[in-house]
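Q: Sharing a structure below in structure tokens format, with a few things to ask.
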Amino acid sequence: MRTLLVGGLCSGVGKTTLVCRLLETLPGWGALKITPVRTHPCEGHPGCRECHGLRGDYEISLDPGDGKETGTDLYARAGAARALWLLGRELGLGPAIGAALRRMGDLPGLVVEGNSFARHGAPDAIVLVAREGLPGVKPRALDLIPTADWVVLNRAPGAGAEPKTVERLLRERGATRVLTLDAGSPVDTRTVAFLAEIRAWARR
């Protein structure tokens, strides 16, 4: 089973949107959303916003059950053969990811959303997503820049001129190729070309 990691410089860059586009172009592939949770003494209270009520080291589910539209719902709608959501404490993510991969082992490939997979798994390829104008770059995400096979600067047409601070950061940190595209548009020619590259990679 091939694995494609979709990571992000920070939250809100469009990772889930891009994962859905990838699933539309990779029939039969599954999807896994990884959410690391904090460790603190709440005793797994269901209403805790820090640990999502996690009682053990990890939990793998089809749906987080909070009544909101989540990544797994969107993945299934985009055509994922199987969509799982993994909540795990940082120290237990290695075994948790192994358990999730075993549940996907009969599929030809898996799109994984979450930077943690780069540290605790072994992705065959990495897509790193960024966007101009968003503060709060995750320090660990910077380590993904030189290792990413594709660096995507997600930008909608007509978004207005912005200082290219993120693009400059990407290049300074070792990104050799930055693809500017609109991940949410089904007709954006740059996105179509990028998805064609992904399909070609998946067939190798």
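Q: Looking at segment 88-103, I want the residues that are farther than 14 Å from Ala122 by Cα and have a partner that is surrounded by 14 or more Cβ atoms within 10 Å (Cβ to Cβ) and among the acidic types (Asp, Glu) with Cβ atoms under 9 Å, at least 6 apart or on another chain. Which pairs are those?
A: Gly88/Asp57; Gly88/Glu59; Arg89/Asp57; Leu91/Asp57; Gly92/Asp57
Q: If you don't mind, another one. How many residues are crowded, with 23+ Cβ neighbours inside 10 Å and assigned to a helix (DSSP H, G or I) when one looks only at segment 3-19?
A: 3
Q: So, one more: Of all residues in segment 20-51 being among the acidic types (Asp, Glu) and modelled with pLDDT under 85, which is surrounded by the most Cβ atoms within 10 Å (Cβ to Cβ)? So that I can check it myself, show each step before the final result.
A: We begin by selecting, within segment 20-51, every residue among the acidic types (Asp, Glu); these are 24, 43, 50.
Among the residues that remain, those that are also modelled with pLDDT under 85 are: 43, 50.
Working: Glu43: 9, Glu50: 12.
Checking each candidate, the answer is Glu50.
Q: Write out, first by first residue and then by second, each pair whose Cβ atoms fall under 8 Å of each other, whose residues are 6+ apart or on separate chains, and whose first residue, in segment 14-30, is under 15 Å from Asp73 (Cβ atoms) while the second is among the hydroxyl-bearing types (Ser, Thr, Tyr).
A: Taking only residues 6 or more apart or on different chains, the pairs are Val19/Tyr75; Cys20/Tyr75; Leu23/Tyr75.
Q: Also: For Arg204, only one of the following conditions fails: (1) more than 16 Å from Leu4 (Cβ to Cβ); (2) at pLDDT below 95. What is its number?
A: All conditions pass for Arg204, except number (1).
Q: Assigned to a loop (DSSP other than H, G, I, E, B), modelled with pLDDT under 90 and on the phi < 0 side of the Ramachandran plot, is that true of Leu54? Explain how you work it out, then say what you get.
A: Working: assigned to a loop (DSSP other than H, G, I, E, B): yes; modelled with pLDDT under 90: yes; on the phi < 0 side of the Ramachandran plot: yes.
Considered against the rule, which asks whether it is assigned to a loop (DSSP other than H, G, I, E, B), modelled with pLDDT under 90 and on the phi < 0 side of the Ramachandran plot, Leu54 comes out as yes.
The values are calculated or read from the model by the stated rules, or taken from the named source; none is laboratory data. It should be emphasised that the depicted structure is a prediction, and the values quoted were computed from it without experimental measurement. Note that we place each Cβ from the backbone using ideal geometry, even for glycine, and neighbour counts take in every protein chain shown.
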